[in-house]
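Trainee: Following this message is one structure expressed as structure tokens.
The values are calculated or read from the model by the stated rules, or taken from the named source; none is laboratory data. It should be emphasised that the depicted structure is a prediction, and the values quoted were computed from it without experimental measurement. For neighbour counting, all protein chains shown are included, and Cβ atoms are generated from backbone atoms with ideal geometry for every residue, glycine included.
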Amino acid sequence: MPSIPTPSNSLERVSREIDRNIQRARNGIKLAIGTSRPTFGWTPKDVVWRGGRSELWRYRGPGGPGGTPLLVVFSLVSRSYILDLARGNSFVERLLDAGFDVYLLDWGVPDVRDASNRLDDYADEYIPAAIRRVQELSGASRVDVLGYCFGGVLALLHAAHHPRAPLNSLTVMATPADFQAMGPLVEVFGSGSVDINAVLDENGNVPASIIRRVFRSLTPTYEITKYVNLWERLWSDEYVAAYQGVTRWSAEHIPFPGAAARQTVDMLLRDNAMVTERLVVGGDRVSLSDIRVPFLSVRASRDHIVQAPASSPLIDLVGSADRDELCLEAGHMGLVVGKTAHKTTIPTIIDFLKKRSEASA
């Protein structure tokens, strides 16, 4: 039998809503005049290797030296601070607290010097160099690798082309395999209606403004829903801080090196090479079935950037005997930020990595 509201309960609800409206007004004013600008990427770190504009960061924390080395390979077209958004809402922080020695390969901001960079350069040079540096600093013989979004694509290309690389395990998050299922990207570039060379800037790269438009075309309702969600939670300081970080991150893309962009369109999009077994890396024909290390694919059911038809085939393409898939009720960013990430995604990844580390010890 439903409970009957009492006068005291009604007063409590009214009082709570009044307090929240006051908080909404306060936070709304701060957002409007720009006085509340939280710092992102707060976890202390050291640059331990450089290659071109790329940097390898080693985070300081409870894990650090002596912990299992974990190399995070980030996306080529966005900023990596989404993984270290705020204290208590940081993927990196949770990994450190779990005892991992965490490294992140950040690509920096490409310029004219990077226009000729191909996917092969990242898969065959930058990632192997970062792995060697992690081994040198940690003293470990093998390294766990985690790729996020397009960073997962680069990690897959590396693992497929280097089946004897010293990888202990490979985890990818929000990573596409069937590029023909990438919606508007296929309609624009896959059909040949737009030549990728036509959108390159004076540096020979795809400018950040184009990357931003492409991402917004994949999430057409985002601009509306984000304000509806913001109003509902504007009373929460924690939510507002996360909102600022996610909003800034979603608008702050970086250029895509021209040669890598052409290769992505020709090989990954038009040839759909991951699915059709037409991958070529460093002049060699490779296959995802050549990946044999323990493998975890993490994807989101409400990911409007890398939708389920694009990411779901991946688990059946890799050749690992020890492989698993985690599909969460979340969006693209919800895998690494917010309640779903901290209740499910991150604990699952930590459990997967720890079990494989113990097995290889």
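Trainee: Checking the condition small (Gly, Ala, Ser) and closer than 17 Å to Asp322 by Cα, which residue from Ser169, Ser141 passes?
Mentor: On the way: Ser141 fails: closer than 17 Å to Asp322 by Cα.
Only one candidate passes the filter, namely Ser169.
Trainee: Identify the single condition in (1) farther than 26 Å from Pro166 by Cβ; (2) touching a strand residue (DSSP E or B) at 6+ places or on another chain (Cβ under 6 Å); (3) crowded, with 21+ Cβ neighbours inside 10 Å that Cys327 does not satisfy, given that it satisfies every other one.
Mentor: The number of the failed condition is (3).
Trainee: Would you tally the residues in the stretch 92-109 being crowded, with 24+ Cβ neighbours inside 10 Å, in contact (Cβ under 8 Å) with a residue 60 or more places away in the chain and either out of contact with any Leu (no Cβ under 8 Å at 6 or more places or on another chain) or assigned to a helix (DSSP H, G or I) (or both)?
Mentor: Adding up the residues that qualify gives 1.
Trainee: Mind checking whether some residue in the stretch 247-255 is outside any helix (DSSP H, G or I) and modelled with pLDDT under 85? Working first, answer last.
Mentor: Taking the stretch 247-255 first, the residues outside any helix (DSSP H, G or I) are 252-255.
Narrowing the set further to residues that are modelled with pLDDT under 85 leaves 252-253.
Yes, that holds for at least one residue.
Trainee: Something else now. Taking the stated definitions as given, is Asp316 free of Cβ contacts under 8 Å to residues at least 24 places away in the same chain and not aliphatic (A, V, I, L, M)? Before the answer, list the steps.
Mentor: Values: free of Cβ contacts under 8 Å to residues at least 24 places away in the same chain: yes; not aliphatic (A, V, I, L, M): yes.
In short, yes.
Trainee: Here's something else I'd like to know. Out of everything in the stretch 43-81 that is surrounded by fewer than 23 Cβ atoms within 10 Å (Cβ to Cβ) and of a type in the set (Val, Ile, Thr), what residue ends up being modelled with the lowest pLDDT?
Mentor: Of everything passing the filter in the stretch 43-81, Thr43 is modelled with the lowest pLDDT.
Trainee: What's the total number of residues in the stretch 348-361 that are surrounded by fewer than 20 Cβ atoms within 10 Å (Cβ to Cβ) and assigned to a helix (DSSP H, G or I)? Full working, then the answer.
Mentor: Step one: filter the stretch 348-361 for residues surrounded by fewer than 20 Cβ atoms within 10 Å (Cβ to Cβ), giving 348, 350-351, 354-355, 358-361.
Within this subset, residues satisfying the condition of being assigned to a helix (DSSP H, G or I) are 348, 350-351, 354-355, 358-360.
So the count comes out to 8.
Trainee: Mind checking which pairs have a first residue in the stretch 163-177 that is in contact (Cβ under 8 Å) with a residue 24 or more places away in the chain and a second that is of a type in the set (Lys, Arg) and assigned to a strand (DSSP E or B), Cβ under 7 Å, 6 or more apart or different chains?
Mentor: Once the first residue is in contact (Cβ under 8 Å) with a residue 24 or more places away in the chain and sits in the stretch 163-177, its partners that are of a type in the set (Lys, Arg) and assigned to a strand (DSSP E or B) give Ala174/Arg299.
Trainee: Just for strands (runs of 3 or more DSSP E) wholly inside the stretch 281-347: which have at least 3 residues that are among the aliphatic types (A, V, I, L, M) and under 24 Å from Ser80 (Cβ atoms)?
Mentor: Working: elements: 284-286, 295-300, 323-328.
Here the list reads 295-300.
Trainee: If you go through the stretch 268-301, how many residues are of a type in the set (Ser, Thr, Tyr) and under 20 Å from the mean Cα position of the chain (by Cα)?
Mentor: Kept after step one, since they are of a type in the set (Ser, Thr, Tyr), are these residues of the stretch 268-301: 276, 287, 289, 297, 301.
Cutting the leftovers down to under 20 Å from the mean Cα position of the chain (by Cα) gives us 297, 301.
Matching residues across the stretch 268-301 total 2.
Trainee: Next question, about the same structure. Quick one: Ser78 ticks every box in (1) under 30 Å from Pro163 (Cβ atoms); (2) in contact with a Gly (Cβ under 9 Å, 6 or more places away or on another chain); (3) among the small types (Gly, Ala, Ser) except a single one, so which number is it?
Mentor: (2)
Trainee: Limited to the stretch 257-296, what total is found for residues that are closer than 17 Å to Asp195 by Cβ, at pLDDT 95 or above and surrounded by fewer than 16 Cβ atoms within 10 Å (Cβ to Cβ)?
Mentor: Result for the stretch 257-296: 0.
Trainee: With the condition kept exactly as written, say whether any residue in the stretch 305-322 is touching a Gly at 6+ places or on another chain (Cβ under 8 Å) and closer than 30 Å to Val194 by Cβ.
Mentor: Going residue by residue through the stretch 305-322, those that are touching a Gly at 6+ places or on another chain (Cβ under 8 Å) are 307.
So of that shortlist, the ones also closer than 30 Å to Val194 by Cβ come out as 307.
Yes: one or more hits.
Trainee: Checking the structure you have, find out if any residue of the stretch 121-140 is touching a His at 6+ places or on another chain (Cβ under 6 Å) and either surrounded by fewer than 21 Cβ atoms within 10 Å (Cβ to Cβ) or modelled with pLDDT of 95 or more (or both).
Mentor: Yes, the stretch 121-140 contains at least one residue that is touching a His at 6+ places or on another chain (Cβ under 6 Å) and either surrounded by fewer than 21 Cβ atoms within 10 Å (Cβ to Cβ) or modelled with pLDDT of 95 or more (or both).
Trainee: Does Ile127 meet the test of being without any contact (Cβ under 8 Å) to a residue 60 or more places away in the chain, under 20 Å from the mean Cα position of the chain (by Cα) and under 15 Å from Ser54 (Cβ atoms)? Write out each step before concluding.
Mentor: On the way: without any contact (Cβ under 8 Å) to a residue 60 or more places away in the chain: yes; under 20 Å from the mean Cα position of the chain (by Cα): yes; under 15 Å from Ser54 (Cβ atoms): yes.
Criteria met by Ile127.
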